[in-house]
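Down below is the structure, laid out as structure tokens.
The values are calculated or read from the model by the stated rules, or taken from the named source; none is laboratory data. Here the structure is a predicted model, which is why all the values come from computation and not from measurement. Cβ placement follows ideal geometry from the backbone for every residue including glycine, while neighbour counts extend to all protein chains displayed.
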């Protein structure tokens, strides 16, 4: 009887967690050729390697002959020094091209600890993308330009929150260094 009560309690708690956070939905597909290139981080839930980034955070993706993707994340720290993280991404299941894995740890020629990198929102013209994680502990709003129009960002935030993200967890990124370089 006691086991039954404990089991029912755990089951109810588990169902409550599932109801609070339904599974994240990804976009139907991602064309890797169109996804390649430079992206500006508009907002993100910072990861450990982004802690020192204060401005100018970008991600550049290059399709490799192997079909994998080279990832180069760049930002500026408080002293104005460039910080670069290099990694590699891949699609583990070709039938789910919007669910990638990314690793920044290479040892003995192998990329270890590939983390989920799920494209959960994508402009039809690939002018912006939103990347999430199944746990919702990470997220990025990316743009091909250093800024997004307010109405576009508001629509993205609404879709993020409908997926169970709290936008308050995101930190807006300072892209002024890129805006000034572009003359805008």
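Among the residues of the stretch 39-59, the ones that are surrounded by 15 or more Cβ atoms within 10 Å (Cβ to Cβ) and either touching a helix residue (DSSP H, G or I) at 6+ places or on another chain (Cβ under 7 Å) or not in a loop (DSSP other than H, G, I, E, B) (or both) come to 13 in all. Screening residue 159 with (1) within 15 Å of the chain's Cα centre (by Cα); (2) more than 24 Å from residue 49 (Cα to Cα); (3) crowded, with 16+ Cβ neighbours inside 10 Å gives one miss only, at (3). Residue-level check: of (1) modelled with pLDDT of 95 or more; (2) more than 27 Å from residue 135 (Cβ to Cβ), residue 78 misses just (1).
Can you name every residue in the stretch 35-57 that is over 12 Å from the mean Cα position of the chain (by Cα), in contact (Cβ under 8 Å) with a residue 60 or more places away in the chain and under 21 Å from residue 90 (Cβ atoms)? Those that are over 12 Å from the mean Cα position of the chain (by Cα), in contact (Cβ under 8 Å) with a residue 60 or more places away in the chain and under 21 Å from residue 90 (Cβ atoms): 35, 37, 38.
Within the stretch 18-38, being assigned to a loop (DSSP other than H, G, I, E, B) and under 22 Å from residue 155 (Cα atoms) holds for 21, 22, 23, 24, 25, 26, 27, 28, 29, 30.
As an exercise: evaluate residue 127 against (1) surrounded by fewer than 15 Cβ atoms within 10 Å (Cβ to Cβ); (2) under 21 Å from residue 29 (Cα atoms); (3) touching a residue at least 24 places away in the same chain (Cβ under 8 Å) and give the number of the one condition it does not meet. Exception for residue 127: condition (3). Residue count for the stretch 139-156 satisfying the condition of being closer than 19 Å to residue 55 by Cα and either crowded, with 18+ Cβ neighbours inside 10 Å or under 15 Å from the mean Cα position of the chain (by Cα) (or both): 9.
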